[in-house]
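Some notes on the structure that comes next.
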Amino acid sequence: MRKPRLYPAPRQHGPADDTGDLILNPAHARCGMCGRPLGIATDPLSTDCGGDCWGCIGEAEASGGDRESRTKVDLEIGAGMRNADGTAKPWE
Ligand SMILES: [Zn+2]
């Protein structure tokens, strides 16, 4: 049995037709900075921050001195979702 495909290649606009897909965003949008698929239920770093993922935005804001983002990023580092420097770990 083949490994399930969690993040299929982006398609032209249209509803997801593979019932096994975990994609919530029907447009299959991806982060403009790193290409991470946005809006994936199982990936907290995939939150759509205006076309970029939280993985990228959180790191940028935290390194820019945003305390709220720094706190959240630190928690995500602790949870193993990010590398120690705050960069997002790959999504697959
Ligand atoms: Zn990103």
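Values quoted throughout were computed directly from the atomic coordinates according to the rules given, and no laboratory measurement underlies them. Bear in mind that the values here come from a model prediction, so they are computed numbers and not experimental data. Here the Cβ positions follow ideal geometry from the backbone for every residue, glycine too, while neighbour counts run over all protein chains shown.
Ranked by the mean number of other Cβ atoms within 10 Å per residue, highest first, peptides 66-77, 46-57 order as 46-57, 66-77. Under the simplified labelling scheme, the Thr47-Lys89 pair shows an inter-label distance of 1.9 nm, with each label point 7 Å from Cα along Cα→Cβ.
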